[in-house]
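Comments concern the structure below.
The values are calculated or read from the model by the stated rules, or taken from the named source; none is laboratory data. Values in this document were obtained by computation on a predicted structure and should not be read as measured data. Glycine also receives a Cβ, built like all others from the backbone with ideal geometry; neighbour counts cover every protein chain displayed.
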Amino acid sequence: MYKNLIGGEWVHGTRTSRNINPSDTGDLVGEFAQADASQARQAIEAASVAQKSWAQSTPQQRFDILDMAGTEILARKLELGDLLAREEGKTLPEAIGEVTRAAHIFKFFAGETLRTSGDLVPSVRLGVNVEVTREPVGVVGLITPWNFPIAIPAWKLAPALAFGNAVVLKPAELVPGSAWALADILQRAGLPPGVLNLVMGRGSEVGQVLLEDERVNAISFTGSVDTGRRVARACVERMAKFQLEMGGKNPMVVLDDADLDVAVGAAINSAFFSTGQRCTASSRFIVTERIHDRFVSAMADRMSGLKVDDARTSGTDIGPVVDERQLSQDQAYINIGKAEGARLVAGGETIATSSHGKPGFYLQPTLFADTTASMRINREEIFGPVASVVKVRSYEEALAMANDTEFGLSAGIATTSLKHATHFKRNSQAGMVMVNLPTAGVDYHVPFGGRKGSSYGPREQGRYASEFYTTVKTAYTQA
Ligand code: ADP
């Protein structure tokens with residue numbers, strides 16, 4: 001039984017939840033304590049008390065804890081990667097990569113504790129000095145999704161702690177194991193009791209308390225658009241700071257002059273790796289007419305060689321979908337695509353068992369062609385290994401279509417033209433633009449985030465993370 005962490009104590013919940021392996025639904029990863037609303041309030045109280053002295057800790061104290069956590073995560077990357085692949089379903093190499101990323105994020109923010117600085121500015125008034133400094137926000141509620149079970153908690157926790165905030169973390173119900181491991185590692189690395197609290201439980205219960213409790217000064221949320229709106233409404237109501245990362249419908253433009261191998265490699269990765277369950281995944285390939293047929297047939301060719309299997313089996317390219325609910329959503333969109341008149345080029349079928357005969361939520365990578373921009377499969381986020389191709393006449397038409405979406409997280413272009421690459425970088429209405437690269441796969445020391453319906457508030461990651469996790473003070477002194 002894995003317990004919640006409240007005020008430095010590991011405590012039982014009011015219920016338990018079973019963490020199931022999507023590659024083998026008979027495999028129980030573990031039983032996890034579920035907090036209720038009153039335990040969530042206790043966690044918030046513990047954080048409010050602990051935050052006051054944590055804000056007074058030295059950068060060296062915070063550096064040592066974050067650095068030690070990063071070191072332990074790195075040393076245990078194979079074991080933690082195995083746990084992540086087992087509870088979420090991404091392949092073992094992807095999972096180990098994600099764990100490694102989490103470790104690097106802790107190391108980066110360990111360094112940031114020492115680099116926090118302010119400005120000393122001459123005043124417009126004689127004899128007055130102005131100091132601009134950054135202070136912690138206070139108690140921060142972190143609400144995380146299931147698709148990056150360790151990296152997303154890490155990229156919220158590390159800056160929150162580095163800048164002197166106390167935290168209540170509510171991980172996604174489907175993947176509590178990686179978040180639990182992170183809390184255990186940070187606690188043993190020397191965090192004072194109450195600085196980090198872990199409350200596993202339902203979004204509508206535990207998450208909702210975080211949104212409404214006056215003692216929570218800020219909320220960082222990653223998840224669905226619907227829940228994001230709920231977070232925004234609740235935070236505006238009580239004037240709490242908030243930051244949202246939500247969906248995407250990320251385009252990848254492929255121009256006639258693209259290197260076909262580069263384009264197809266980037267497209268396969270964007271659409272299907274991590275089972276298409278990345279908010280930066282591409283699900284819309286916008287392809288100019290002279291390369292279109294070659295692109296579609298090369299995609300079909302590459303897709304026929306992709307191995308869908310148990311996430312932890314060597315050689316697996318695509319693991320299972322995370323759960324039954326997500327699988328039915330993916331299947332529903334495949335049916336919608338067919339009904340809308342899209343041509344199914346590859347995939348489309350579920351697979352009942354792994355190569356070991358174990359039941360899991362397996363789905364073939366799926367590609368539609370002959371689609372139009374107005375089809376629902378080209379407008380709504382599916383969040384599975386399902387993508388479609390739209391044929392266009394020109395770069396200008398491709399750019400307009402790429403931007404014609406309510407989202408704006410990531411956008412890609414495959415081209416050998418410097419002119420078009422440069423124009424696309426400047427004119428894409430996305431927060432992140434990729435040239436001859438997959439739309440997913442980002443660095444951790446630079447800002448992450450989108451525009452329009454994809455994101456709200458300051459960027460996450462890298463040095464930009466301080467915008468959210470600190471508040472600015474301007475102090476005036478008459479010498
Ligand atoms: P998904 O559909 O990808 O699971 P959600 O937005 O439902 O995305 O979940 C993202 C996170 O938000 C999860 O940790 C979930 O428990 C949490 N959540 C869901 N509903 C609420 C809510 N009403 N208040 C706060 N958090 C919530």
- Answer from 212, 173, 205 - the residue that is surrounded by fewer than 24 Cβ atoms within 10 Å (Cβ to Cβ) and within 19 Å of the chain's Cα centre (by Cα): 173
- Message: Looking at the structure I just gave you, is residue 173 over 16 Å from residue 73 (Cβ atoms), part of a loop (DSSP other than H, G, I, E, B) and within 11 Å of the ligand (Cβ to nearest atom)?
- Response: yes
- Under the condition of being among the hydrophobic types (A, V, I, L, M, F, W, C) and assigned to a loop (DSSP other than H, G, I, E, B), which residue from segment 428-479 is surrounded by the fewest Cβ atoms within 10 Å (Cβ to Cβ)? 479
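Per-residue answers, yes or no, for (1) at pLDDT 95 or above; (2) in a helix (DSSP H, G or I); (3) assigned by TED's automatic domain parsing to the domain that holds residue 29:
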{"position": "69", "(1), (2), (3)": "yes, yes, yes"}
{"position": "111", "(1), (2), (3)": "yes, yes, yes"}
{"position": "117", "(1), (2), (3)": "no, no, yes"}
{"position": "131", "(1), (2), (3)": "yes, no, yes"}
{"position": "149", "(1), (2), (3)": "yes, no, yes"}
- Message: Which numbered condition in (1) touching a residue at least 60 places away in the same chain (Cβ under 8 Å); (2) within 11 Å of the ligand (Cβ to nearest atom) is the only one that residue 234 fails?
- Response: (1)
- Item | Qualifying position, being under 22 Å from residue 10 (Cα atoms) and assigned to a helix (DSSP H, G or I), among 85, 46 | 46
- Considering each of 298, 258, 311, 263 in turn, give the residue that is crowded, with 19+ Cβ neighbours inside 10 Å, more than 16 Å from the ligand (Cβ to nearest atom) and in a helix (DSSP H, G or I). 263
- Does segment 236-248 contain any residue that is touching a Ser or Thr at 6+ places or on another chain (Cβ under 9 Å), under 24 Å from residue 303 (Cβ atoms) and buried (at least 24 other Cβ atoms within 10 Å of the Cβ)? yes
- Residues located in segment 362-382, provided they are under 11 Å from residue 331 (Cα atoms) and either part of a helix (DSSP H, G or I) or within 16 Å of the ligand (Cβ to nearest atom) (or both): 382
- Message: Among the residues of segment 204-222, what is the count of those that are in a helix (DSSP H, G or I) and out of contact with any strand residue (DSSP E or B) (no Cβ under 7 Å at 6 or more places or on another chain)?
- Response: 5
- Query: Which ones in segment 352-369 are out of contact with any Asp or Glu (no Cβ under 7 Å at 6 or more places or on another chain) and among the aromatic types (Phe, Trp, Tyr)?
  - Reply: 362, 368
- Name the pairs: first residue in segment 104-123 and farther than 25 Å from residue 479 by Cα, second residue part of a helix (DSSP H, G or I) and charged (D, E, K, R), Cβ to Cβ under 6 Å, at least 6 apart or on different chains? 110/67; 113/62
- Message: Take residue 168 and tell me if it is outside any helix (DSSP H, G or I), β-branched (Val, Ile, Thr), in contact (Cβ under 8 Å) with a residue 12 or more places away in the chain and closer than 22 Å to residue 136 by Cα.
- Response: yes
- Message: Tell me yes or no: at least one residue of segment 146-158 is within 17 Å of residue 44 (Cα to Cα), aromatic (Phe, Trp, Tyr), buried (at least 24 other Cβ atoms within 10 Å of the Cβ) and in contact (Cβ under 8 Å) with a residue 60 or more places away in the chain.
- Response: no
- Query: Identify, please: which residue in segment 103-154 is of a type in the set (Gly, Ala, Ser) and under 30 Å from residue 273 (Cβ atoms) and is, among those, farthest from the ligand (Cβ to nearest atom)?
  - Reply: 111
- Number of the condition not met by residue 288 [criteria: (1) over 28 Å from residue 408 (Cβ atoms); (2) buried (at least 19 other Cβ atoms within 10 Å of the Cβ); (3) of a type outside the set (Phe, Trp, Tyr)]: (1)
- Would you check if there is a residue in segment 188-203 being closer than 22 Å to residue 84 by Cβ, more than 10 Å from the ligand (Cβ to nearest atom) and part of a helix (DSSP H, G or I)? yes
